[in-house]
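Asker: Supplied in C-alpha cells, the structure appears directly below.
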Amino acid sequence: MCGIVGYAGKREALPILLSSLERVTYRGYDSYGVAVLNGQGIKSFKRVGAVDTERALLPFTGTVGIGHTRWATVGAVSERNAHPHFDCTGQVALVHNGDIDNYREIKERLAGLGHKFASETDSEVIAHLIESHIRGGAELVEAVETATKELEGSYAIVVLEQKTGRMAVARRESPVVIGLGDGETYVASDAPAILPYTHRMIYPEDGDVALVTSAGVDIWHSGARVGRHVRTIDWDASQIEKGGYEHFMLKEIFEQPHAVRDTIAVYREGLPSLPVERPDHVVFAACGTSLHAGMAGERLLAGNGRFAVSSVVASELTVVPFNRPAAGLAVVISQSGETADTIMGLKRLAESGFRTLAITNVRHSTLARLADGVIYTSAGPEVAVASTKTFTSQIALLAMLAARLMEGGERATALNAALRSLPNKVQQTLERSGELKAAGTGLAKFNHMFVIGKGQLLPVT
C-alpha cells in the first residue's frame, strides 16, 4: 500500500513532507517523490529507493506540497513511475494510493484526444482526467469530483493545482486523513504520519472531495457542501518513535504486556451491548494476521452447542455464499480499520443479513463507522508491518467476546480466569527474551522449517 502526505501552511513544506513520509515507510515501498509549489511553479523530485533526508539535494522552497511512497503495482519500479504525476500542462500534480481498474480505457480515450503520458502507471491517468475537466471550465473541486466518478476501483488522491495553490483530497475505499493545525493543514494516508504536528483529524467519507488550504478544509459530496466531525486522536507522538529499540517490531513486541493490560482494563466491567446477544451463527472475517486472530476466535467458540461458528478470508466473501441467518453476528477484524478487503467483506456480510461487530485499533476508522457495533483494542499505534501487540490484544478481546457469547459455564469461567493472568504471562515470556533470541538464532541457520500445531494453537503456527 502506498503512502501519501500533503501540507499547506506557513512553514517550509519540504521538511514536513519528508519527515511525514519517513513515518509511513512501514507500509513498504520502492520509490518516493515530492512536489512543492512556489513562485516558479510546481517543483518535483523523485527517487527510487529509501526516503532521503539529504535536503540539500532539494533546493526548492514553498509552503504547499505533496509527497508519496510507492509500492509498484502497475508499471515497473522507476523514477518515471514514481509519484507525483502531472497533467500535460504541469499545472496539476497528483499522488494516489489504490488501484484504478479501468485506467487502460481512460488512457486510450485521453491519448486519442492528444494527452501525452510520461509513465506506465494507472495513477497518471487521474491527473490527465482532472486536467480535461479543468480545460472544460470546471473549478478544482468540480473537476476532481467529476473525474473520480469515471474511475472504477479504489483511490485516495491528493491533487495540487498551481493556479490556485490549493489541494484537493478525494477517496474511495482507500484511507486518507486530514489534520487541522493553527494556520496549517495536513493530509496523510495514516494518522501517525502527521501525529507530531496535530491530533485533530477529519476522516473523509467515500465519495467526499475536500478543498484544503492553510486556513482549513471544506468538504463536498455529490456537489453539496457537507460537514465531517473533527476527531481528537489520543495517541502520543512518542508512541511512533523507536524509544531506544533497534526497530519498531522489537519495540512493539515488548509493548505487548501493556497493550493487553490496557485493552482488558477498558472492558473490565464487561463488553458493551452486542449487535446480536444470542446469535445462531457467528462468523469471523479478516485478512492477514487479523484473520489468524479470527481463526483463534473460531476455535474458542467451537463446539459450544448453541450456535454455528466459522471464519473466512474477507477477500473471499464475494464468492463465498452465506445463507441468510435468523440472528447472525459477523465479527470483522482489522488493526487499522481501513483494510479494503475487510471493509468490502463487512458490506457483503451485512447484505447477507448479518449484524456486524468491528474489532479495530483505530477509533473513527472506516470499519468502526460502518459496523453496527465496535470494540477497540488499546494497543496504541502499530508501526511494524508484522503485527505483534495488536494481535495479542485482539486475542484478549476475542476471549472476552467468547466468554460473553457462551453465557457462563465452565469454559467462560476458565476464559475469564485466564484473561486476568494474561498480561503477567506475556511479561514473563518476554523476560526470557535471551532464550527466545538464542532459539531464533539457531533456527535461522536452517533453509527450511516446518511448524506444526493443532487445535487452539493452529492459527499461530
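The values are calculated or read from the model by the stated rules, or taken from the named source; none is laboratory data. Remember, predicted model here, so these are calculated numbers, not experimental data. All Cβ positions, even for glycine, are placed from backbone atoms using ideal geometry, and neighbour counts span all protein chains on display. SASA here: full protein model, heavy atoms, side chains in, ligands and nucleic acids out. Shrake-Rupley method; radii C 1.70, N 1.55, O 1.52, S 1.80 Å.
Asker: Please determine, by comparing only the residues of the stretch 183-217 that are of a type in the set (D, E) and at pLDDT below 95, which one is nearest to R70 (Cα to Cα). Show your work before the answer.
Answerer: Taking the stretch 183-217 first, the residues of a type in the set (D, E) are 184, 190, 205-206, 208.
Restricting the remaining residues to those that are at pLDDT below 95 gives 190, 205-206.
Values: D190: 15, E205: 23, D206: 22 Å.
Once the filter is applied, the top-ranked residue is D190.
Asker: If you check L195, L211, which single one turns out to be in contact (Cβ under 8 Å) with a residue 12 or more places away in the chain, assigned to a loop (DSSP other than H, G, I, E, B) and in contact with a helix residue (DSSP H, G or I) (Cβ under 8 Å, 6 or more places away or on another chain)?
Answerer: Sole residue among the options that is in contact (Cβ under 8 Å) with a residue 12 or more places away in the chain, assigned to a loop (DSSP other than H, G, I, E, B) and in contact with a helix residue (DSSP H, G or I) (Cβ under 8 Å, 6 or more places away or on another chain): L195.
Asker: When residues of the stretch 402-455 are filtered for being touching a helix residue (DSSP H, G or I) at 6+ places or on another chain (Cβ under 7 Å), open to solvent by less than 40 Å² (accessible area, probe 1.4 Å) and either under 23 Å from H281 (Cα atoms) or of a type in the set (V, I, T) (or both), how many remain?
Answerer: Adding up the residues that qualify gives 7.
Asker: Same structure, new question: Could you grab me the full set of residues in the stretch 379-426 that are in a helix (DSSP H, G or I), within 29 Å of the chain's Cα centre (by Cα) and among the polar types (S, T, N, Q)?
Answerer: Listed by number, the residues that qualify are T390, T392, S393, Q394.
Asker: Additional query: If you check I134 against the conditions, is it under 20 Å from the mean Cα position of the chain (by Cα) and either surrounded by 18 or more Cβ atoms within 10 Å (Cβ to Cβ) or assigned to a strand (DSSP E or B) (or both)? Before you say what the answer is, go through the steps one by one.
Answerer: Details: under 20 Å from the mean Cα position of the chain (by Cα): no; either surrounded by 18 or more Cβ atoms within 10 Å (Cβ to Cβ) or assigned to a strand (DSSP E or B) (or both): yes.
No.
Asker: Hey, among the residues in the stretch 255-270 that are touching a residue at least 40 places away in the same chain (Cβ under 8 Å) and not in a helix (DSSP H, G or I), which one's surrounded by the fewest Cβ atoms within 10 Å (Cβ to Cβ)?
Answerer: G270
Asker: Report the residue count in the stretch 337-371 for those that are in contact with a strand residue (DSSP E or B) (Cβ under 7 Å, 6 or more places away or on another chain) and basic (K, R).
Answerer: Within the stretch 337-371, residues that are in contact with a strand residue (DSSP E or B) (Cβ under 7 Å, 6 or more places away or on another chain) and basic (K, R) number 2.
Asker: Which is touching a Lys or Arg at 6+ places or on another chain (Cβ under 6 Å), within 23 Å of S31 (Cα to Cα) and either open to solvent by 30 Å² or more (accessible area, probe 1.4 Å) or among the charged types (D, E, K, R) (or both), of E79, E124?
Answerer: Criteria check complete, one pass: E79.
Asker: Looking at the structure I just gave you, is D234 within 20 Å of the chain's Cα centre (by Cα) and either outside any strand (DSSP E or B) or among the β-branched types (V, I, T) (or both)?
Answerer: yes
Asker: Kindly check whether there is at least one residue in the stretch 344-354 that is part of a helix (DSSP H, G or I), more than 20 Å from the chain's Cα centre (by Cα) and among the aliphatic types (A, V, I, L, M).
Answerer: yes
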